[in-house]
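One structure is given below, encoded as structure tokens.
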Ligand SMILES: [Zn+2]
């Protein structure tokens, strides 16, 4: 389920986020979906990203008071195919 719009969908359509400890902790995009720990899922769209920031959904998803939201990936505007390519080449 997307933490922003709370719509359910296949996980393949969602981006996995995990949290990195720190002060404040930081939400990071788990491109390969392999990082341990609590995960949160979000649509890779600007709309959901902004909604999540506005609603403080990142902090809520990770059950922390404060969290540094993840950077919006540059490839977010791209097509799915391009996105996968760029994620894999880590751009
Ligand atoms: Zn969403």
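The values are calculated or read from the model by the stated rules, or taken from the named source; none is laboratory data. Keep in mind that this is a model prediction, so the values were computed, not measured. Cβ coordinates were reconstructed from backbone atoms using ideal geometry, including for glycine residues, and neighbour counts include every protein chain displayed.
A compact table of results
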read-out: Considering residues of the range 31-46 that are at pLDDT 90 or above and out of contact with any helix residue (DSSP H, G or I) (no Cβ under 6 Å at 6 or more places or on another chain) only, the residue farthest from residue 1 (Cα to Cα); value: 39
read-out: For residue 90: the one exception among (1) modelled with pLDDT of 85 or more; (2) surrounded by fewer than 11 Cβ atoms within 10 Å (Cβ to Cβ); (3) not in a helix (DSSP H, G or I); value: (1)
read-out: Total residues in the range 47-68, condition away from the ligand (no atom under 11 Å from the Cβ) and surrounded by 18 or more Cβ atoms within 10 Å (Cβ to Cβ); value: 5
